[in-house]
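Down below is the structure, laid out as structure tokens.
Just so it is clear, none of the values below were taken in a lab; they were calculated from the coordinates. This one's a predicted model, so the numbers in the text were calculated from it and none came from an experiment. No Cβ is skipped: glycine too gets one built from the backbone with ideal geometry, and neighbour counts run over all protein chains shown.
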Amino acid sequence: MGVPLNGSASLRKMRRAMDAPRHSDSRPEWLGLTRTELAEHLVRQGIPGGHALRLFGHLHRRLEAPDACTAMSPRQRERFLETTAPTHCETTEVHPTDDGTEKLVFTLRDARRVEGVIIPEGPRSTFCVSSQVGCAMACAFCATARLGLERALTPGEVLAQIYAARVRCEAVGRPLRNVVFMGMGEPLHHYEVTRRVLDILTDPTGFCLGAPRLTVSTVGLAPRIAQLGRDFEGRIQLAVSLNAGTEATRRALMPITERHGLADLRAAIAAYPYPRNRYVLIEYVLLGGLTDTPAELQALAGFVRGLPAMVNLIPWNPFEGAPADLHPPAPEAIDAAFAALRAMGVPVKVRLPRGRRAVAACGQLARITPTAEVA
């Protein structure tokens with residue numbers, strides 16, 4: 001069973017800022033407005049745009065509702081609240097694990113649910129955030145893909161997840177320092193949402209999370225990779241979910257390969273404007289007897305050769321209802337894959353499973369209530 005939120009004052013304050021009615025609302029969500037858009041909205045309502053700076057700080061640095069911004073008059077605050085909407089994204093369950101990982105379940109305004117994962121890393125934390133309800137990419141090895149795409153999240157819904165995680169992390173003295181777009185959904189599919197969230201997170205007057213601490217993972221939407229590079233000048237950490245070295249195997253696992261083959265994807269990765277000493281993360285799911293074979297690993301080495309790349313080997317995390325022909329690699333196969341890539345000169349790491357007991361490991365997010373660890 002999920003653990004309810006505790007009643008700390010900071011959590012209650014943040015929830016007042018996030019809660020919203022459950023009915024549809026055409027007003028813009030205040031959390032989803034960039035600082036520039038916030039100023040423009042204030043001016044349209046007859047409120048001096050200069051108030052945007054303090055208001056933005058209340059919303060994104062202090063995590064307070066607009067009525068805490070006393071720089072505006074009571075009538076101005078009332079007008080702002082009349083013409084914008086809060087974001088309903090309530091943390092309704094928390095599923096902890098022995099390794100400190102926590103899966104958070106968020107309920108949205110339409111009663112749909114998404115999941116995010118807090119991963120402790122020494123004295124700090126990383127949060128894995130969802131960008132969509134479900135996913136349209138249909139990757140065979142991913143539990144989220146079985147849901148299909150229900151809808152995109154709003155920028156406010158993405159930010160509300162991050163801010164809920166931020167409060168929880170600060171409460172235990174392990175502050176949130178990294179956000180990875182590796183939860184439910186393909187973050188480059190509804191690109192405008194992701195771009196807006198990144199703009200808001202990196203604004204120095206808000207949360208002010210450094211761009212290098214933000215990672216966007218994609219299955220390989222090549223044109224959007226190029227757009228992300230242009231919009232943020234390469235400052236956002238790029239991660240590409242590759243998962244196969246050969247075109248045939250990747251096409252069998254990831255239908256997106258039909259539209260964006262390995263050649264197009266490699267060209268997009270090579271053209272990304274990496275800052276000095278930065279690289280692309282190549283995420284590679286190891287499937288026993290399928291993607292851990294010598295032929296696939298040799299093709300993977302060829303793909304990354306000449307790229308500023310780090311390969312993350314991810315042993316496949318099984319999930320309820322997974323295809324019967326998919327199997328996790330044996331421990332010796334993981335070691336062999338690591339050694340083979342190292343021998344071919346490939347920079348490589350192994351990402352150990354985190355959060356399996358909460359059904360929160362990589363590829364497992366599908367709104368499944370944990371009962372016991374999946375073997």
TODO: Mind giving me the nanometre distance, one decimal, between the label points for Asp98 and Gln298, set 7 Å out from Cα along Cα→Cβ?
DONE: 4.1
TODO: Please order Asp98, Asp203, Asp110 by the number of other Cβ within 10 Å, starting at the fewest.
DONE: Asp98, Asp110, Asp203
Open item on the list: Only sites in a loop by DSSP and with at most 12 other Cβ atoms within 10 Å count here; which GluC sites (Glu not before Pro) in region 202-294 make the cut?
Closed with: Glu233
TODO: For region 227-233, take each phi angle, set θ = phi - 60°, evaluate the Karplus expression 6.51 cos²θ - 1.76 cosθ + 1.60, and give the result in whole Hz per residue in order, putting x for glycine and proline.
DONE: 5, 4, x, 5, 5, 10, 6
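With a cut-off of 8 Å between alpha carbons and a minimum separation of six or more residues, what is the relative contact order of region 161-251 in percent? Let's see the in-between values first.
Values: 91 pairs, mean separation 22.0, N = 91.
With pairs under 8 Å counted, the relative contact order is 24 percent.
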TODO: Would you mind getting me the FRET efficiency between Asp335 and Val43? Use the beta-carbon distance for r and R0 = 51 Å, nearest 0.05.
DONE: 0.25
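In debye to the nearest 20, how big a dipole does the chain give about its Cα centre with +1 on each Lys and Arg Cβ and -1 on each Asp and Glu Cβ? Walk me through the intermediate numbers first.
Working: 45 positive and 37 negative charges, 203 e Å.
It comes to approximately 980 debye.
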- [ ] Taking H placed 1.01 Å from N in the peptide plane, check which residues at least 5 places from Glu29 or on another chain put their amide H under 5 Å from its amide H.
- [x] Ala85
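Using 0.36 nm per residue of separation minus the Cα-Cα distance, give me the extension gain between Glu82 and Arg342 in nm, one decimal. Could the numbers behind the result be given before it?
Numbers: separation 260, 0.36 × 260 = 93.60 nm, distance 5.93 nm.
Taking Glu82 through Arg342 to full extension adds about 87.7 nm, to one decimal.
Can you bin region 32-108 into rounded, prolate or oblate? Criterion: square roots of the alpha carbon gyration tensor eigenvalues sorted a ≥ b ≥ c, rounded for a/c under 1.5, prolate for a/b above b/c, oblate for the rest. Numbers along the way, then the final one.
Working: a/c = 2.98, a/b = 2.60, b/c = 1.15.
Since a/c reaches 1.5 and a/b is larger than b/c, the shape of region 32-108 is classed as prolate.
DSSP beta bridges in the chain, what fraction antiparallel, as a percent rounded to 5? Don't jump to the answer; show the numbers that get you there.
Details: 21 of 46 bridges.
The antiparallel fraction comes to roughly 45 percent.
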Task: Per-pair calculated FRET efficiency, R0 = 41 Å: Arg62 and Asp264 via Cβ, rounded to 0.05 - done: 0.40
Open item on the list: Show me, for region 330-347, the HN-Hα J-couplings you get by feeding each phi into the Karplus relation (A = 6.51, B = -1.76, C = 1.60, θ = phi - 60°), rounded to Hz, glycine and proline as x.
Closed with: 5, x, 5, 6, 5, 4, 5, 5, 4, 5, 5, 5, 4, 5, 8, x, 8, x
- [ ] Please list the non-local residues whose amide H lies under 5 Å from the amide H of Leu221, H modeled 1.01 Å from N, same-chain partners needing a gap of 5 or more.
- [x] none
Task: Fewest-first ranking of Asp292, Asp199, using other Cβ atoms within 10 Å as the exposure measure - done: Asp199, Asp292
TODO: Could you tell me which of Ala324, Met310, Ala68 has its Cα farthest along the dipole of the chain towards the positive end, charges placed at Cβ (Lys, Arg +1; Asp, Glu -1), taken about the Cα centre?
DONE: Ala68
- [ ] Apply the Karplus parameterisation 6.51 cos²θ - 1.76 cosθ + 1.60, with θ equal to phi minus 60°, to every residue of region 199-213 and state each ³J(HN,Hα) to the nearest whole Hz, in sequence, with x for glycine and proline.
- [x] 4, 5, 5, 8, 5, x, 9, x, 4, 6, 7, x, 3, x, 8
- [ ] Just name one of Pro123, Tyr272, Thr144: the one whose Cα is farthest towards the positive end of the charge dipole of the chain (beta-carbon charges, Lys/Arg +1, Asp/Glu -1).
- [x] Pro123
Open item on the list: Below 8 Å, C-alpha to C-alpha, sequence gap of six or more: please give me the relative contact order for the chain in percent.
Closed with: 15
Task: Whole-Å distance, taken between Cα centres, linking region 272-295 and region 180-218 - done: 21
- [ ] Would you calculate the separation in nanometres between label points at Glu192 and Thr36, each defined as 7 Å from the Cα along the Cα-to-beta-carbon direction?
- [x] 1.5
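Assuming R0 = 35 Å, what is the FRET efficiency of Glu233 and Arg27, from their Cβ-Cβ distance, to the nearest 0.05?
Working: r = 33 Å, r/R0 = 0.94.
So, using R0 = 35 Å, E works out to roughly 0.60.
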